[in-house]
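Here the structure is laid out as structure tokens; the discussion comes afterwards.
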Amino acid sequence: MGNQPGDHEVLTCFKTHLSPLSKNLTEMLNEHFSHQTERRGCGYTQATRVIAEFINQECDDVDVKDFRIFDDYDTKSLKSIIFDANARQIPLKSWRHLDLNEDAKQYIQAKPDDTFSHTLTKEIHFQATLRNIKNLVEFEESKLICNFLEDIILRKTDISEHLLELKSLPEKPKVGSCPMAEKFFLKVAHRRLLRQGLINIFVDDKDEPIMMEKLNMGDDHSCINLVPLIMNGIRIPEGSLFSVKYDDENIQKRANKLYKGFVIPIDQVEGFWFLRLTTLAVSPQNRARAFNAHFKQQIDNGLFSPDTTELSQLKEVALDQI
């Protein structure tokens, strides 16, 4: 099946260079009207909610369920690689990162005509292409999706790029991710907190702000990350929406300098749950294109400067509390 008129560039890229994405991701990225609703926002936002299902799951080195991101990827050869590798003296614990596996490459060089070598070569080429996929798209928002899809398959375990690793929760807390979740973060960015509102700042061991949590402003315990992070081997860009769980009674904390709320070491937190990207994850000049109906909803509902607010403004507010 050829590209549909107006296919999102991520869909075109995967179809051309790798394998078509799943039907639901295709519908979402192509902005099917069913996703442009008051609750969902837009297809792009909804696609990041689907990606959240993978981010919140622990990495499994043998199971191939992560290939659900594709429409019809044949995983039989991956299973056979895992099954047959040891018999060929290739120490292999996972089908992931075959393109970086020197033992696999040496086997192919030694036995280029072997059927197993052909199978390995095909999967190595696929993974090497996937590792480079973000460089084959143009738009900022497309690169964000490509990074997610790359990491779902090629989880970044020992090469976490010095990102702080978040603890994930075993189940989702009751915190929503509706398109208006940005409303109060936008207000905070412009230092217009509600009278009853609180913000908590989660900091690392160097007292650098990592996350901001809002309370008494919409859903409690929703937070936005102020720096890139990693969770279950998947890199998460700054400006993503999470829910958080911690023991408020017994946690170490100190009062904020300016606003109501506390500075809390992030290692005191039980865990986080990734919800979706917020519109703040994309530069102001690209937001209307990336989030289309979701962004329009924010404008139509009179949210505070969704077209110009930058994440750096939230970072400044966070730094002022420490």
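The values are calculated or read from the model by the stated rules, or taken from the named source; none is laboratory data. Just so it is clear, the model here is predicted, and its values are computed rather than measured. FYI the Cβ positions are ideal-geometry reconstructions off the backbone, even for glycines, and counts take in every protein chain you see. All accessible areas refer to the heavy atoms of the entire protein, side chains included, with ligands and DNA or RNA removed. Shrake-Rupley method; radii C 1.70, N 1.55, O 1.52, S 1.80 Å.
Points worth noting:
- Centroid-to-centroid separation of region 204-263 and region 172-189 [C-alpha atoms, Å]: 13
- Measuring nothing but how far apart in sequence close Cα pairs (under 8 Å, 6+ apart) lie, relative to its length, the chain scores a relative contact order of 19 percent.
- Normalised by 2.2 N^0.38 Å, where N is the number of residues, the alpha-carbon radius of gyration of region 160-321 equals 0.98.
- Legend: distances between Cα atoms for 15/122; 174/296; 156/183; 187/296; 172/206; 260/296; pairs beyond 21 Å are 174/296; 156/183; 172/206; 260/296.
- When the Cα positions of 101, 222, 295 are compared along the charge dipole of the chain, 295 comes out farthest toward the positive end, with charges on each C-beta of Lys, Arg, Asp and Glu.
- Rolling a 1.4 Å probe over the protein heavy atoms gives the chain an accessible area of 47 Å² per residue.
- Summed residue charge, Cβ within 12 Å of residue 49's Cβ, Lys/Arg positive, Asp/Glu negative: +3
- Here the chain is assigned +1 on the Cβ of each Lys and Arg and -1 on the Cβ of each Asp and Glu. Its dipole about the Cα centre then comes out at about 740 debye.
- Positive-pole candidate from 116, 129, 153, dipole of region 1-155, charges at beta carbon: 116
- Subtracting the Cα-Cα distance of residue 268 and residue 167 from 0.36 nm times their residue separation leaves 35.3 nm of extension gain.
- Of all accessible heavy-atom area on region 237-319, the percent that carbon and sulfur account for (1.4 Å): 47
- GNM top mover of 250, 292, 232 - the chain, alpha-carbon springs below 10 Å: 250
- Between region 15-78 and region 274-322, the Cα center-to-center distance that results, in Å: 24
- With a Förster radius of 35 Å applied to the C-beta separation of residue 220 and residue 62, the computed FRET efficiency comes to 0.35.
- Amide hydrogen proximity for residue 236: with H placed 1.01 Å from N in the peptide plane, the residues at 5 or more positions away or on another chain lying under 5 Å are 229, 230, 231.
- Projecting label points 7 angstrom from Cα along Cα→Cβ for residue 74 and residue 125 puts them 1.4 nm apart.
- Förster-model FRET efficiency, 35 Å R0, residue 227 and residue 308, C-beta, rounded to 0.05: 0.95
- Kirkwood hydrodynamic radius (C-alpha pairs) into Stokes-Einstein, region 1-155, 4 °C and 1.567 mPa s, D in µm²/s: 77
- Net charge in the neighbourhood of residue 260 (other residues with Cβ under 15 Å of its Cβ; Lys, Arg +1, Asp, Glu -1) is +4.
- Placing +1 on each Lys and Arg Cβ and -1 on each Asp and Glu Cβ, with no other charges, gives region 160-321 a dipole about its Cα centre of roughly 620 debye.
- Lys, Arg +1 and Asp, Glu -1 on Cβ, resulting dipole of region 1-100 about Cα centre, debye, nearest 20: 140
- Options 70, 51, 82, ranked by Cα towards positive dipole end of region 1-155, top entry (Cβ charges): 82
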